[in-house]
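All remarks here apply to the structure that follows.
The values are calculated or read from the model by the stated rules, or taken from the named source; none is laboratory data. Keep in mind the model is a prediction, meaning the values are calculated, not measured. Note: ideal-geometry Cβ built from the backbone for every residue, glycine included; neighbour counts use all protein chains shown.
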Amino acid sequence: MMMETVISRSIRVMFAGGVVLGLGLTTAAQAQEVSSTQRVEVTGSSIKRIAAESSLPVTTLTKDDIAKSGVTTVEALLQSVTSTSTAGATQNSQLAGLSTYGASSVSLRGLGDSRTLVLVNGKRLAVFAGTGGAVDVNSIPFGAIERVEILRDGASGVYGSDAVAGVVNFILRQDYKGLEMSAGYNAPTRGGGTTQKASILFGAGNLAEDRFNVMLSGEFEKAEALFGRQRDFANTGNIAPFIQSAATETGRIEGIWVPGQSRAQNARNATTNPYGYSSSGYGNPKAPANCADISMFSSGKGGVGGAYDNCKYDSAPFVGLFPEVERVNLVGAVKFQLTPDHQIYADTLYARNKVIETYQPSPARVGFFQTDNAFDGSGVDAALLIRPSNPNYGTYITPYLLSHGLSAMNGQTLAITLRSFLAGARQETDTNTQSRVNVGMKGVIFKSWDYNVSLIANEAKTDGRLTDGYYSQLALARVLNDPANNWNPFAVGGIQDAALTAKLQAAKYTGSTITAKSKSTGFDSSVTGTLTDLPAGPLQLATGFSVRKDSYAVNVPDILGSGDIAGLGGATLPVDASRTVRALFAELNIPILKTLEGNVTARTDSYSDVGSTTNGKASLRFSPTQTMLFRASVGSGFRAPSLVELHRPQSTGATEAFIDPKFVADGPVQAVAIIGGNPNLKPEKSKQGSVGMVLQPISSVSIGIDYFNIKIDNLIAAPSALSLVNAARAGKPLYGPDDVVFAPDGTVDTVKQIGRNANGATVSGFDIDLRFKQAVATGKVSVALNGTYTSKYDYKTLNGTQGSVGTIVQPDGSPLDIAQSGVVFRWKHNLAFNYQSGPWSTTLVQNYQSGYRDANDLNDNQHHVAALTIYDAQVAYTGIKNLTLSAGMRNLFDKNPPISIGNGTQFQAGYDPTYYDARARTAYLTANYKFY
């Protein structure tokens, strides 16, 4: 992807948490072609200035860059930006196994999507309703984007909360006159995952001549699902010696279960109840030779003490690598010039994303039932039981127990695990919408002061529904635990008799999961102008005020609130929270010398729920010649905890898999996790600085280097289960005695994984921009390199400081204390070559990302995911009037991903879905026709 780092720009008008932006110039040489009186609006400040100015590092993706990339979604576009990271971001490929509801987000510097401010036309959007944490970039109309501007510098002093890592501003098409249509088709050469797309853009009226402009655009996209079985690198979870699937199987004996007693009473205790319930279990009667009968595989020794033969389920073939998606986007804008100095405007946006995800059948075991409140007072045991009276007990259970030294268990009621093949593959449909209406007036007062006032209303909604493959755990247990039904967990293919099958089908659940709504409504105002003329230039001031109300509400059916639906990871509870945010800002641009200027900003934000804070930023810009620029900035920032982080009710779920240091032989286990909000959270505080230069030694070459440093205190994060368990085992709990609760047999029962402030992070590195452009006899040649080198990304927790550049684990192979999906790369770059000759344009792009230290393999040896280099190519033709045709290949050489073990944050196996696009080589064709 070719990305243009702005060298010469003016600074744009901000509306208290939003900015109105415009494209400036890209090199000092180009700046000379612009009228000395032209004023444009650009990310980075609040003051409009003469074009050919810049003091902050901004990356711009133009409409032409986007077209040459061949991507069709905002998510894919942002992943190509080197200053963004998969760490702390959400992607469509992560929907399998995570409750993302189909959202995608962006994370600058790997600091998380909650610390990256996303704007459209300089205005905030409502956060995604499904999770309440960040903006869903899928809701931004891809076909209507004119350009994307990315401020690669902390900017809370200018923009307020969320801008700790920087700002991503999407500028949509404006003041358009004409009619054009576009269509595109993407087809992976290995099959599956095709995408079809069409859009239309219409505009009428010329502001200068007609005093008005009206613009409308619409877009439709349909993407086909892709499954693990369709890719040879993702079709199995068993790749020795790296990974072995640990998915819950059918038929594992979890232990003796006395009907009518609680899980705690039935739990294994080495002294008083040596054969009681244990999450690691006592092996599987079908192991090792006959696991295939129940659609499992032999996984070797495991269970209590690592002494018993086990079967496991390989879910990889059935996991969705990408969901089925249907998107509709509509954008409208109208402007009317009342007088030469005053304009009224209105714009609206509507986006609907329908996401259908299908993956493996649901598991059932005591570990999942223990978080299900529906069992309380029901009279039904929170386990799936097989009794001695069941004929299948004598056929399968007794011979196994007697041959494995477990005769003390024979004749006892036992708890058994299940993979619910009779319920079928799980399928869910999530419909997400984003709508916005913005109405305002802008112009000039007192001859030279610009003003802008606006009212804005944003609303995001999520409607989640389960359509197949899910069931009520209580209803399932009631059916299978009925002695009259004589279920057979060891039946070939899981098939039961017709009567029992009918009862099991009746236990299935289809219906709503959540209905969520996120709203942000407010008023913005700003005024910008010259206070006085100094010898070096005008002393400019921008000031403004804003107020907005944010609210977040989630409604769930009672069955979801109890945690009774298998395969959803626990309970989802209702939320209803809101707050009011008021802000006042001021910015002063001070010309010190003709070649040196300073900029100072200050902003006060008042949150009705977490208090007030004042932050600022100061920057210097020195340009001794037209081809040389030096800049530096320092600032402070903050991030208020989100409404979800504060007010989401605490509930129970399941931890990630971890190895308890006291019971290493039991292998990976899960425990009950207490998750949810923490009303005692305080705002995060940050300090950031940057130093950079841009040089143009000759007209065809430009060089840009920027150093960045961001330090965050009071960072909000939920600790990993392993870090809490390790500290508790050492007798030094991180936060308090309730961090970890142990079961009677000494195993981990419950882990409290709510957000805490006792963390910090320091991130630093360099952004590099090198470019060459030269006319040749037959056309034009250009080369552009954009890269980011991250020298430090250190987390500070109560356990100490842990580096996370190029690693997802600690030196001993255990997960980082603050575990998140994705990776912070040491180095990431895009190197683009372009040749233009007449109507033809050819582009070749090298996309590189460095490797990283992965989790240890099955033999506890270190594993490193290799660096990845992918090439994309495109040819475009404009030789037919008003028609542009483009054809290309992404992943031109059809390169497979390196093997990845992962840290348990995904269902996909064998590769890292945040590191590699599983569609592999993809051919595409696009056409755009302008009617007039």
Would you please name the residue that is nearest to Ala76 (Cα to Cα), looking only at residues in the range 847-866 that are surrounded by fewer than 15 Cβ atoms within 10 Å (Cβ to Cβ) and within 26 Å of the chain's Cα centre (by Cα)? Ala866
Residue among Val137, Val167, Val158 that alone is surrounded by 17 or more Cβ atoms within 10 Å (Cβ to Cβ), within 23 Å of the chain's Cα centre (by Cα) and farther than 29 Å from Lys895 by Cβ: Val167
Considering only residues of the range 457-479 that are assigned to a strand (DSSP E or B) and touching a Lys or Arg at 6+ places or on another chain (Cβ under 6 Å), which is surrounded by the most Cβ atoms within 10 Å (Cβ to Cβ)? Tyr471
Could you list, in sequence order, all residues of the range 226-247 that are more than 30 Å from Gly667 (Cα to Cα) and in contact with a Pro (Cβ under 6 Å, 6 or more places away or on another chain)? none
Quick one: how many residues across the range 673-731 are more than 30 Å from Ala571 (Cα to Cα) and either assigned by TED's automatic domain parsing to the domain that holds Pro57 or charged (D, E, K, R) (or both)? 29
Condition broken by Ile716, with the remaining ones in (1) over 16 Å from Ser114 (Cα atoms); (2) touching an Asp or Glu at 6+ places or on another chain (Cβ under 7 Å); (3) modelled with pLDDT of 90 or more satisfied: (1)
Filter the range 160-202 down to the residues that are farther than 13 Å from Thr926 by Cα and of a type in the set (S, T, N, Q) and list them by number. Ser161, Asn169, Gln174, Thr189, Thr194
Can you name the residue in the range 873-931 that is of a type in the set (Lys, Arg) and assigned to a loop (DSSP other than H, G, I, E, B) and, of all such residues, is nearest to Gln360 (Cα to Cα)? Arg919
Complete set of residues in the range 306-355 that are aliphatic (A, V, I, L, M) and surrounded by 19 or more Cβ atoms within 10 Å (Cβ to Cβ): Ala316, Val319, Leu321, Val325, Val331, Ala333, Leu349, Ala351, Val355
Every residue from the range 135-163 that is among the hydroxyl-bearing types (Ser, Thr, Tyr) and either assigned to a loop (DSSP other than H, G, I, E, B) or not assigned by TED's automatic domain parsing to the domain that holds Leu330 (or both): Ser161
Within the range 428-446, can one find any residue that is in contact with a helix residue (DSSP H, G or I) (Cβ under 6 Å, 6 or more places away or on another chain) and within 30 Å of Glu326 (Cα to Cα)? yes
Is there a residue in the range 114-134 that is in a loop (DSSP other than H, G, I, E, B), crowded, with 24+ Cβ neighbours inside 10 Å and without any contact (Cβ under 8 Å) to a residue 40 or more places away in the chain? no
Any chance Gly611 is surrounded by fewer than 22 Cβ atoms within 10 Å (Cβ to Cβ) and touching a residue at least 60 places away in the same chain (Cβ under 8 Å): yes
Just to check your reading of the model, which residue among Ser699, Ser642, Ser651 is surrounded by 23 or more Cβ atoms within 10 Å (Cβ to Cβ) and in contact with a Ser or Thr (Cβ under 9 Å, 6 or more places away or on another chain)? Ser642
Filtering the range 376-407 for residues that are assigned to a helix (DSSP H, G or I) and either in contact with an Asp or Glu (Cβ under 8 Å, 6 or more places away or on another chain) or under 30 Å from Val325 (Cα atoms) (or both) leaves a count of 0
Would you confirm, using the coordinates I've provided, whether Asp558 is surrounded by fewer than 19 Cβ atoms within 10 Å (Cβ to Cβ), within 19 Å of Arg124 (Cβ to Cβ), among the charged types (D, E, K, R) and modelled with pLDDT under 95? no
In the range 74-88, what count of residues is obtained for those that are modelled with pLDDT under 90 and under 16 Å from Phe322 (Cβ atoms)? 1
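Condition check ((1) closer than 30 Å to Leu406 by Cβ; (2) at pLDDT below 95; (3) surrounded by fewer than 17 Cβ atoms within 10 Å (Cβ to Cβ)) across all residues:
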site: Ile200; (1), (2), (3): no, no, yes
site: Phe212; (1), (2), (3): no, no, yes
site: Ser217; (1), (2), (3): no, no, no
site: Glu224; (1), (2), (3): no, no, no
site: Ala246; (1), (2), (3): yes, yes, no
site: Gly251; (1), (2), (3): yes, no, no
Is it the case that Val823 is outside the structural domain of Thr59 (by TED's automatic domain parsing), among the hydrophobic types (A, V, I, L, M, F, W, C) and either under 27 Å from the mean Cα position of the chain (by Cα) or at negative phi (or both)? no
Tell me, which strands (runs of 3 or more DSSP E) wholly within the range 571-689 include 1 or more residues that are under 27 Å from the mean Cα position of the chain (by Cα)? 575-593, 596-607, 628-639, 651-654, 672-675
How many of the residues in the range 608-655 are modelled with pLDDT of 95 or more and aromatic (Phe, Trp, Tyr)? 2
Within the range 414-430, which residues are among the small types (Gly, Ala, Ser) and modelled with pLDDT of 95 or more? Ala415
Before we move on, is Lys442 more than 26 Å from Val319 (Cα to Cα) and assigned to a strand (DSSP E or B)? yes
The one condition in (1) farther than 14 Å from Ala415 by Cα; (2) modelled with pLDDT of 95 or more that Ala307 fails to fulfil: (2)
In this structure, does Leu78 turn out to be in contact with a strand residue (DSSP E or B) (Cβ under 7 Å, 6 or more places away or on another chain) and over 23 Å from Tyr795 (Cα atoms)? yes
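The rows are residues; the columns are (1) touching a Leu at 6+ places or on another chain (Cβ under 6 Å); (2) more than 30 Å from Asn834 (Cβ to Cβ).
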site: Phe708; (1), (2): no, no
site: Asp739; (1), (2): yes, yes
site: Ala743; (1), (2): no, yes
site: Ile754; (1), (2): no, yes
